[in-house]
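Structure first, commentary second.
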Amino acid sequence: MFLKGKTALVTGSTSGIGLAYAKALAAEGAAVMINGFGDAQTIERERAQLTEASGAQALYSDADMSDPQAIAAMVQRCAEELGGPDIVISNAGIQHVSPVDQFPVDRWDAIIAINLSSTFHLMRAAVPLMRAKGWGRIITTASAHSLVASPNKSAYVAAKHGVVGLTKSVALEAAKTGVTVNCISPGYVWTPLVENQIPDTMRTRGLTRDQVINDVLLAAQPTKQFVQPEQVAALALFLCRDEAAQITGANLSVDGGWTAA
Ligand code: NAD
């Protein structure tokens, strides 16, 4: 349990990749603050399981990642009630699929706020706390779409490219402080985010569900397999190790070879 005594804050961790991050960190003894939306009983069950797994306290924050004040308050609450955060994983994300001329302005604004600006607000609040301790790990969840584009995902691709630039910039600022800042860029991971975009893609491209899965989603992924959330979480855990102290400002792909093509 190499993270005993450490505190981790993971945004968007009531589901999918975020929940896998939280479970992996708790399994190594970290006190975890989870965040996101969903059914209250399910979230409480997950929180209790994280406490049991880590042997440390786990907390839940319902902070909305599109609200800068709520993000700052969440980091402050984490510091007051758990200590830290020593590890921050910015992971909350949403998607909308539409050609640019039909892209609803409110969806653009929401994707930029939740997928990009929330990461800035998190870093802004957390970096001083980590710098004071002389140790910290910030991990942002970008995407293969931080490196390459797909049609009809203008906001998502713009936000994810932005996350990489933000990550690199803050990595340089923190380079001498014991704080590393890295990006993980998954390919297609089988989570509700992927599942939920299937109906939109079926509609906009006139395809069946099987065609969307095999010919659209996995078309770009040479292994022809979805990435598993636990495989993404395993890389995040490695980044928290002392052996990873010289990895900073990196954008690390876990994409079945997608961006090698
Ligand atoms: P998911 O839909 O399973 O989970 C998203 C999480 O974000 C949930 O916990 C949800 O409640 C939370 N969330 C959404 N809006 C929020 C808000 N306003 N405030 C707080 N929390 C909010 O999605 P996922 O697939 O696990 O995606 C997680 C991250 O990984 C996202 O940033 C996504 O862009 C990225 N990603 C996913 C894939 C994939 O194939 N699933 C691939 C590359 C990158």
Handout entry: Close pairs (6 angstrom Cβ cut-off, 6 or more residues apart or separate chains): of a type in the set (Asp, Glu) in the stretch 198-227, within 16 Å of the ligand (Cβ to nearest atom) anywhere
Key = Asp200/Val97
Problem - Selected residue (only one of Thr191, Thr208 is surrounded by fewer than 16 Cβ atoms within 10 Å (Cβ to Cβ) and of a type in the set (Val, Ile, Thr)) - result: Thr208
Problem - the stretch 49-84, subset within 13 Å of the ligand (Cβ to nearest atom) and not in a helix (DSSP H, G or I), residue surrounded by the most Cβ atoms within 10 Å (Cβ to Cβ) - result: Met65
Handout entry: Candidate set: the stretch 27-48, residues that are of a type in the set (Gly, Ala, Ser) and over 22 Å from Ile71 (Cβ atoms); chosen: the one farthest from the ligand (Cβ to nearest atom)
Key = Gly29
Exercise for the section: Could you please tell me which pairs satisfy a Cβ distance under 7 Å, a separation of 6+ or placement on different chains, a first residue in the stretch 48-66 that is touching a residue at least 12 places away in the same chain (Cβ under 8 Å), and a second residue that is loosely packed, with under 15 Cβ neighbours inside 10 Å? Expected result: Leu59/Glu81; Ala63/Ala73
Problem - Residue within the stretch 148-155 that is crowded, with 23+ Cβ neighbours inside 10 Å, outside any strand (DSSP E or B) and away from the ligand (no atom under 16 Å from the Cβ) present - result: no
Completion exercise
Quick count over the stretch 1-30, residues being more than 18 Å from the chain's Cα centre (by Cα) and without any contact (Cβ under 8 Å) to a residue 60 or more places away in the chain, is 5
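Only the coordinates and a few stated rules stand behind these numbers; no lab work does. Worth saying up front: this structure is predicted, and the values here are computed from it rather than measured. All Cβ positions, even for glycine, are placed from backbone atoms using ideal geometry, and neighbour counts span all protein chains on display.
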